[in-house]
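The values are calculated or read from the model by the stated rules, or taken from the named source; none is laboratory data. Keep in mind the model is a prediction, meaning the values are calculated, not measured. Cβ sites come from the backbone with ideal geometry, for glycine too, and all protein chains shown count toward neighbours.
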Amino acid sequence: MMTRVAALIFDVDGTLAETEEAHRYAFNRAFSESGLNWTWNQAIYRQLLKVSGGKERILAFAPDASPELVAGLHSRKNQIYSKMVASGQVSFRPGIESLISSARAQGLKLAIATTATRANVEALLGARKAFFHTIACAEDVRKKKPDPEVYALVLKRLDLTADKCLVLEDSPNGLTAATALGLKVIVTPSLYTRGQDFSAAAAVLPDLGGVTLAQLIDLKG
């Protein structure tokens, strides 16, 4: 079974790490520093996560916000988030580090397909950035998930067909984006996506703790 998969493609937020509470805190702090009385509690943020992209979420919450305000808030939020990551407040989900190590040892390519900003992705990956053959982020595409553009870009960069890849995702938007291109997806729901519809996934697991690479590839079918 191992030879049937040549690459693992990872989403980032919610998949590599439970990042969303850190993002929510960073948004709220950026709002407060700017003198805004906006507060995103978990219920509000859960709804906003249906929209891909931080700037897009601000606009979904405040449609009349100026481009300058949105850009400023998003930039400050990213600074706060990066400091949180650097201070060790965000860690990888169970099984992720082991899976990456096993994939590298087996000669599989690793890729990132996310519509998060590159600064946030690189802050989370740190030195692990060097492990990935390609990292496609928000800046690389015109349309964000659930549009499949970011996955199409990653397949092109990997020079692989969909059947040779396995995707790790945590959200319906990511699942929709990947399966649109015929990619098989293993979903590990995160804090904000548990209980949502993942019927199109090859498998749904609580996390990857204790799951071997061979077992994961077997789930691909």
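Quick look at the numbers
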| item | result |
| --- | --- |
| Test result for Asn78, within 25 Å of Val150 (Cα to Cα) and either assigned to a strand (DSSP E or B) or not assigned by TED's automatic domain parsing to the domain that holds Leu155 (or both) | yes |
| Residue within segment 202-213 that is crowded, with 21+ Cβ neighbours inside 10 Å, assigned by TED's automatic domain parsing to the domain that holds Lys143, touching a residue at least 24 places away in the same chain (Cβ under 8 Å) and in contact with an Asp or Glu (Cβ under 9 Å, 6 or more places away or on another chain) present | no |
| Qualifying residues in segment 29-74 (those that are over 23 Å from Lys144 (Cα atoms) and charged (D, E, K, R)) - the one surrounded by the fewest Cβ atoms within 10 Å (Cβ to Cβ) | Glu33 |
| Every residue from segment 1-20 that is assigned to a helix (DSSP H, G or I) and either over 20 Å from the mean Cα position of the chain (by Cα) or over 30 Å from Lys220 (Cα atoms) (or both) | Met2, Thr3, Arg4 |
| Unmet requirement for Lys77, which otherwise passes all of (1) within 22 Å of His23 (Cβ to Cβ); (2) of a type in the set (Lys, Arg); (3) surrounded by fewer than 20 Cβ atoms within 10 Å (Cβ to Cβ) | (3) |
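Yes/no per residue for (1) outside the structural domain of Leu99 (by TED's automatic domain parsing); (2) modelled with pLDDT of 95 or more; (3) under 30 Å from Ala105 (Cβ atoms):
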position	(1), (2), (3)
Leu8	no, yes, yes
Val12	no, yes, yes
Leu36	yes, yes, no
Ile44	yes, yes, no
Leu48	yes, yes, no
Ser52	yes, no, no
Glu56	yes, yes, no
Leu59	yes, yes, no
